[in-house]
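Let me begin by presenting the structure, written as structure tokens, before commenting on it.
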């Protein structure tokens, strides 16, 4: 019997943060727009049609889709109803429990939602099962070095003032972990790449405002006591002294639902010539 994954994130808090940020989200969606533009570029490059597509977390940003994307009917999903505002046909559902019929969609796009799932591979597996054979999955996920400078400043401030640190910023997976997750979830032709976004904040407090505006503040299941004003002030001082620059790693995951027409890797031992022969012929 498989063990349930550890509950690192509170799905209730994820929903609440997204709900509370919805009213002013358009003032803070610069990373989401950047990720959506990248996804649109990828869809335009594929040069095929997607009659039925699901967008998780994109909300009104689905209006950015171009005819060249080849997307037909668009369905929007979000864990927070308010973040669906302005979207096409939409419904409320959690990324960890997507109510999707098997092999019912040609395209699934997740826009910066999956980094707070407790069962990441399980969420990917659900998406793969909902895709028709040769259906496409694209996700943008925060990963790697995202807000590492803020994290370092927080740890420094807490250590100086309280003598220790508490978990307040969510862990982010490395790009290699995302690639392995795609494979374990059963996707064919998995590809991962990263867009490193660096932002310099002349007013360090604006970084905290951006995180609140995006709905990306602390959603850890084990909540700590709120930060004192002294710690927040010292944290921002340390952050400013280090240059006031922050990094957001937007990792893109691409995979296809398996289909017999897809390219397959050669079986071990099936090569018609050896590496030694190839080297010898180059000599």
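The values are calculated or read from the model by the stated rules, or taken from the named source; none is laboratory data. None of these values were measured; they are calculated from a predicted model. Ideal geometry is used to build each Cβ from the backbone, glycine not excepted, and the neighbour counts take in all protein chains shown.
Assorted remarks:
- Residue check for residue 108: in contact (Cβ under 8 Å) with a residue 40 or more places away in the chain, touching a strand residue (DSSP E or B) at 6+ places or on another chain (Cβ under 8 Å), in a helix (DSSP H, G or I) and buried (at least 21 other Cβ atoms within 10 Å of the Cβ): no
- The residues listed here are 161, 169; of these, the one that is over 30 Å from residue 254 (Cβ atoms), in contact with a helix residue (DSSP H, G or I) (Cβ under 6 Å, 6 or more places away or on another chain) and modelled with pLDDT under 95 is 161.
- Sole exception among (1) at pLDDT 95 or above; (2) within 20 Å of the chain's Cα centre (by Cα); (3) assigned to a strand (DSSP E or B) for residue 125, by number: (3)
- Some residue of the stretch 82-93 being within 23 Å of residue 251 (Cα to Cα) and touching a residue at least 40 places away in the same chain (Cβ under 8 Å): yes
- Condition check for residue 228: surrounded by fewer than 17 Cβ atoms within 10 Å (Cβ to Cβ), in contact with a strand residue (DSSP E or B) (Cβ under 8 Å, 6 or more places away or on another chain) and either modelled with pLDDT under 95 or within 30 Å of residue 5 (Cβ to Cβ) (or both): no
- Residues of the stretch 23-56 satisfying the condition of being farther than 23 Å from residue 198 by Cβ and in contact with a strand residue (DSSP E or B) (Cβ under 9 Å, 6 or more places away or on another chain): 43, 46, 48, 49, 50, 51, 52, 53, 54, 55, 56
- Criterion: within 29 Å of the chain's Cα centre (by Cα), over 27 Å from residue 113 (Cβ atoms), modelled with pLDDT under 95 and surrounded by fewer than 16 Cβ atoms within 10 Å (Cβ to Cβ) - qualifying residue of 282, 263: 263
Here is a yes/no grid of residues against (1) within 28 Å of residue 135 (Cα to Cα); (2) touching a helix residue (DSSP H, G or I) at 6+ places or on another chain (Cβ under 9 Å); (3) not in a helix (DSSP H, G or I):
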residue	(1), (2), (3)
22	no, yes, no
37	yes, yes, no
62	yes, yes, no
72	yes, no, yes
